[in-house]
Amino acid sequence: AQRVTQPEKLLSVFKGAPVELKCNYSYSGSPELFWYVQYSRQRLQLLLRHISRESIKGFTADLNKGETSFHLKKPFAQEEDSAMYYCALITGSGNTGKLIFGQGTTLQVKP
Amino acid sequence: DAMVIQNPRYQVTQFGKPVTLSCSQTLNHNVMYWYQQKSSQAPKLLFHYYDKDFNNEADTPDNFQSRRPNTSFCFLDIRSPGLGDAAMYLCATSRRAISTDTQYFGPGTRLTVL
């Protein structure tokens, strides 16, 4: 079964502390994974994708196929990072991509 | 700014009264998606259009229909809303027919069923 699991509903850290948002997936094929973010009163938007191997707003995520994980990390959290974060797996063949989302983790960065 | 627009942002309907949610895009994307997101749950794909080709998810109830009259607009019709259909409905688009293309989301329409 294709599934994305985010075990933490809420992660609360202080400003400047390291952050790790956990994501595990179950997928039989070669996975394409993403992190989407939703800031307060804003729309869901792409944060980063594993194939790009990029750092966005200081966040990085490494795909670990052995552990079937795609954890999102940032060394020093900022208050503006407070948001809902969704890990997502893209599935489907041919023409279109079906996103399967995890339940989401609310990141709260306290001053 | 090019974007995905959803109207209305909040919709209240009565149990069993048909309702239509609207999505438009100025991105000229080929693919349009509808997701349902219930409270404290992950967004779940209902169906999508690739150009005019409609693709329904196997577990999408028959109560949900969609129309795409042109590239820019896509509608979600709920024929007989039940209390369990109360949710946030998200529209998204992607440019190319490649599975890894970025999906751009609208702000969502929050549906309340009384």
When every residue in segment B:10-39 that is touching a Ser or Thr at 6+ places or on another chain (Cβ under 6 Å) and in a loop (DSSP other than H, G, I, E, B) is compared, the one most open to solvent (accessible area, probe 1.4 Å) is B:27
Among B:54, B:73, B:47, the single one that is farther than 19 Å from residue B:107 by Cα and not β-branched (Val, Ile, Thr) is B:54
Only one of (1) outside any strand (DSSP E or B); (2) within 24 Å of residue A:101 (Cα to Cα); (3) open to solvent by 60 Å² or more (accessible area, probe 1.4 Å) does not apply to residue B:42, and that is (3)
Restricting attention to segment B:63-114, the residues that are assigned to a loop (DSSP other than H, G, I, E, B), open to solvent by 40 Å² or more (accessible area, probe 1.4 Å) and within 14 Å of chain A (Cβ to nearest Cβ) number exactly 3
If we ask which residues in segment A:3-54 are crowded, with 17+ Cβ neighbours inside 10 Å and of a type in the set (Val, Ile, Thr), their number turns out to be 4
Heads up, the strands (runs of 3 or more DSSP E) in segment A:16-71 (entirely inside) with at least 3 residues that are farther than 20 Å from residue B:104 by Cα, away from chain B (no Cβ under 11 Å) and at pLDDT 90 or above are A:19-21, A:24-26
For segment A:55-110 the number of residues that are in contact with a helix residue (DSSP H, G or I) (Cβ under 6 Å, 6 or more places away or on another chain) and open to solvent by 40 Å² or more (accessible area, probe 1.4 Å) is 1
For segment B:45-62, the count of residues that are of a type in the set (D, E, K, R), within 11 Å of another protein chain (Cβ to nearest Cβ) and either over 19 Å from residue A:89 (Cα atoms) or assigned to a strand (DSSP E or B) (or both) equals 2
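The values are calculated or read from the model by the stated rules, or taken from the named source; none is laboratory data. Just so you know, these numbers come straight off a predicted model, no measurement behind them. Methodologically, a virtual Cβ is constructed for each residue, glycine included, from the backbone with ideal geometry; neighbour enumeration extends over all protein chains shown. We work out accessible area using only protein heavy atoms, side chains counted, and drop any ligands, DNA or RNA first. Shrake-Rupley method; radii C 1.70, N 1.55, O 1.52, S 1.80 Å.
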